[in-house]
Amino acid sequence: MNPLTAVVIGAGAGGLTAAAHLARRGMHVTVVEKNEVAGGRCARVVREGHTFDVGPTLYVMPKVFDHEFRALGESVNERLALQRVDPTYHLVFDDGQRLELTSDRDRMRTQLEAMEPGSFAGFERYYRQGGRHYDLAMEHIVGRNFRTLAEFINPASLRVFLQVGALTRHYAGMRSFFRTPHLKAAFTFQDMYMGLSPFEAPATFSMMQYTELAHGVWFPQGGMYTVVQALQAIAVHSGVQLQFGTPVERILTREGRATGVALADGRELPADIVVANADLPYVYRELLPQDGTARRLERRQYSCSTISFLWATDRPYPQLPAHLLFLSDDYRANFDELQRDRTIASNPSVYFHAPTRLDGALAPRGHDTLVGIVPVGHIDEAHPQNWDDLKARARDGLLQRLARVGVTDLDAHLKFEMCFTPPDWKDRFNLVRGATHGLSHRLMQMGYFRPHNRHARYRNLYFAGASTHPGTGLPTARISGRLVAERIAEDTGRGA
Ligand SMILES: Cc1cc2nc3c(=O)[nH]c(=O)nc-3n(C[C@H](O)[C@H](O)[C@H](O)COP(=O)(O)OP(=O)(O)OC[C@H]3O[C@@H](n4cnc5c(N)ncnc54)[C@H](O)[C@@H]3O)c2cc1C
């Protein structure tokens, strides 16, 4: 039998993972990437001795990374030099109260009891619940393909949905554990990573708080981009060919099958299998013949976006820890304004990342490398969105928060600044609406209800990445790459 040929559109985490798995199953795999480097949203900027991770800054769900490296016959510790970040986050509230999220139980007890007497017991119950949610969700929902509705919804799975709190709203459920809004916010804000407000997210996502504290938040030496470098090295070692600066213009189709891709430079690459790692709604809208699916996807709910600043300074700011989060008292309004008005919240929660606290080599000695992120609504023509104004508001908001922790001279020490807004996310990575996390993870967009990883008509066209199952995040993009390779192997009978 001749080996099958596969073309993968996009060298994001999902695309590289899928490509490596397919090559290891004996296929001839070519990855075509529009940008000059791999990684997609997990991008990096290196300039004047400063190294910035533009997208992911948190290496979360380490067990998933372990599993996914093993699935490729690799060891994570041979590929990445990981260190645990503990406390994971330093939280600062509007009234000046602070909370360090840590796996040190005694330190947690002292801090929680000072904020709300009796709350440590609630924390322990919440942690146990998160552990149950994590184990059940990983086994029954996240780590597997759903080909039919009956595989997703059946008496056994309904029991699992109830057990993982799929029908309870996350924030509403917090009243069983904590009274103060500060603590309810401290243990739900991670829902933002799923592109969701905790006021609509299922309580299932307490699994994220659990894994961060139980399994840790980690950081690879050299920064998050080293994950991409490891994946690229594994793909190349597996025999994958990578072509950069090669945008795909169209997926070629004939008689109900994908036959390859047409490139912007006029070439055509024929293939037995096409895997699209580019943002799924973009692929339906821009690369495929129109059959109404793109319009239906338009009506789905998209995650919010970010305005992210990269700052290189000629002095260090040791008062900024690795992960610093200012949680606004207007917690609910924050999410409402993002989703309803598609803007920046009036009093936004904001995040800072100072990677040199974890790896001094990411800035020249005595200088600093900082990232500041403000959530913002995704691009929406139905709302007036002036990106220059929103960018200025985001910057002001970040500087005001920095002043609260004693950083008042950032502008005076700025060597250079870069900024990414939703239109930048859209242009650089072809993300529909500039939504940084793709389609959101509300209940009706999860599992079988998320766009499937195989096209309904072109049955040799597959999808890997954040907007298909299981969803957004670096570890989950990797799962999606493996799941799609498993599905292709089953469908083709090659290497299953
Ligand atoms: C600001 C930000 C912060 C984040 N923080 C975290 C975090 O802390 N932890 C975490 O785990 N995750 C985080 N994420 C999410 C994570 O980055 C993504 O979920 C993950 O990287 C998505 O990978 P992917 O493979 O789905 O797609 P992508 O990274 O989008 O890769 C798709 C690739 O396809 C390419 N492409 C698009 N169109 C074409 C075309 N026509 N032809 C050829 N190539 C094309 C793109 O250039 C891109 O390289 C963050 C994301 C952002 C933006």
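The values are calculated or read from the model by the stated rules, or taken from the named source; none is laboratory data. For clarity, every value in this text was computed on a predicted model and none was experimentally measured. Cβ sites come from the backbone with ideal geometry, for glycine too, and all protein chains shown count toward neighbours.
A few points about this structure:
- Here residue 477 does not qualify as part of a helix (DSSP H, G or I), more than 16 Å from the ligand (Cβ to nearest atom) and touching a Gly at 6+ places or on another chain (Cβ under 6 Å).
- Near pairs, Cβ below 9 angstrom, 6+ apart or cross-chain, from region 371-387 (of a type in the set (D, E, K, R)) to any residue that is surrounded by 20 or more Cβ atoms within 10 Å (Cβ to Cβ): 380/302; 380/342; 380/433
- Residue 261 meets all of the listed conditions (1) within 11 Å of the ligand (Cβ to nearest atom); (2) modelled with pLDDT under 95 but one, namely (2).
Listed here are the residues, each with its yes/no results for (1) more than 6 Å from the ligand (Cβ to nearest atom); (2) modelled with pLDDT of 95 or more; (3) farther than 30 Å from residue 314 by Cβ.
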{"residue": "4", "(1), (2), (3)": "yes, yes, yes"}
{"residue": "10", "(1), (2), (3)": "no, yes, yes"}
{"residue": "13", "(1), (2), (3)": "no, yes, yes"}
{"residue": "22", "(1), (2), (3)": "yes, yes, yes"}
{"residue": "29", "(1), (2), (3)": "yes, yes, yes"}
{"residue": "36", "(1), (2), (3)": "yes, yes, no"}
{"residue": "42", "(1), (2), (3)": "no, yes, no"}
{"residue": "56", "(1), (2), (3)": "no, yes, no"}
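- Listed by position, the helices (runs of 4 or more DSSP H) contained in region 132-191 that have at least 1 residues being touching a residue at least 24 places away in the same chain (Cβ under 8 Å) and in contact with a His (Cβ under 9 Å, 6 or more places away or on another chain) are 155-163.
- Here is the figure for region 454-474: residues that are closer than 23 Å to residue 431 by Cα, in contact with a Gly (Cβ under 8 Å, 6 or more places away or on another chain) and either away from the ligand (no atom under 12 Å from the Cβ) or basic (Lys, Arg) (or both) total 1.
- Restricting attention to region 182-222, the residues that are within 16 Å of the ligand (Cβ to nearest atom) and under 16 Å from the mean Cα position of the chain (by Cα) total 17.
- Residue match in region 357-375 (condition: β-branched (Val, Ile, Thr) and in a helix (DSSP H, G or I)): no
- Filter result for residue 104 (in contact (Cβ under 8 Å) with a residue 60 or more places away in the chain and either surrounded by fewer than 16 Cβ atoms within 10 Å (Cβ to Cβ) or on the phi > 0 side of the Ramachandran plot (or both)): no
- Meets criteria (crowded, with 18+ Cβ neighbours inside 10 Å, among the small types (Gly, Ala, Ser), more than 22 Å from residue 331 (Cβ to Cβ) and touching a residue at least 24 places away in the same chain (Cβ under 8 Å)) for residue 43: yes
- Annotation note: Cβ proximity below 7 Å between a residue of region 345-367 that is closer than 30 Å to residue 378 by Cβ and a residue that is of a type in the set (D, E, K, R) and part of a strand (DSSP E or B) (sequence gap 6+ or interchain) occurs for 354/368; 355/53.
- Of the residues making up region 231-279, just one is within 30 Å of residue 302 (Cβ to Cβ), among the polar types (S, T, N, Q) and more than 28 Å from the chain's Cα centre (by Cα), namely 253.
- Qualifying residue in region 223-237 (condition: more than 14 Å from the ligand (Cβ to nearest atom) and either part of a loop (DSSP other than H, G, I, E, B) or buried (at least 23 other Cβ atoms within 10 Å of the Cβ) (or both)): no
- Note on region 239-338: enclosed strands (runs of 3 or more DSSP E) holding 2 or more residues that are touching a strand residue (DSSP E or B) at 6+ places or on another chain (Cβ under 8 Å) and under 30 Å from residue 383 (Cα atoms) are 305-313, 323-327.
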